[in-house]
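Heads up: the structure comes next, in structure tokens.
The values are calculated or read from the model by the stated rules, or taken from the named source; none is laboratory data. Fair warning: this is a prediction, and the values are worked out from it, not measured in the lab. Neighbour counts are summed over all protein chains in view; Cβ atoms, including those assigned to glycine, are modelled from backbone coordinates with ideal geometry.
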Amino acid sequence: MNYIKQLSNNHILWVAIFSWFIAQFLKVIVTLFYEHKLDLKKFFASGGMPSSHSSFVTALAIGIGQVYGYDNVLFAIAAVFSFIVMYDAANVRLHAGKQAARINQIIAVLEDPTLNPEERLKEILGHTPFQVMAGGILGILIAFIFFAG
């Protein structure tokens with residue numbers, strides 16, 4: 001079989017990847033708008049507005065629904081997968097980020113000269129519910145636009 005051809009023809013996968021790309025690009029734009037600085041590192045970062053995780057998985061689920069039908073088991077699997085990813089982004093990862101911020105504050109208070117500041121924990125891991133919702137809506141819109149017709 002020609003795996004490369006099959007992969008290149010997997011429109012559902014490419015729409016999901018495109019949706020992720022747009023969400024990551026929007027993070028750079030949102031940072032430029034609100035912080036007045038061009039931070040291209042935001043394109044490769046997790047966390048922030050909108051949630052690229054949510055955009056990615058909702059575009060996948062909607063793409064499957066549009067192609068195979070919303071009564072198909074593949075859509076059900078993708079939808080459940082999407083809900084888990086979005087819950088994780090808005091809850092587990094958000095709270096892990098808050099814990100990282102507190103630990104970094106403790107490190108600063110201790111002022112341990114042996115600690116390397118680069119070893120501090122990444123604080124922006126998750127998303128607010130609004131960021132998750134925005135990413136989900138973005139993924140749904142991109143999938144509907146692509147598969148409309």
Taking only the stretch 115-149 into account, find how many residues are in a loop (DSSP other than H, G, I, E, B) and at pLDDT 65 or above. 3
Hey, A108 out of contact with any Gly (no Cβ under 6 Å at 6 or more places or on another chain) and at pLDDT 95 or above or not: no
Exactly one of K37, K98 is more than 25 Å from I142 (Cα to Cα) and at pLDDT 85 or above, and that residue is K37
What do you reckon, is D88 modelled with pLDDT under 95, under 15 Å from the mean Cα position of the chain (by Cα) and acidic (D, E)? yes
Looking at G47, G65, which one is touching a Leu at 6+ places or on another chain (Cβ under 8 Å) and crowded, with 17+ Cβ neighbours inside 10 Å? G47
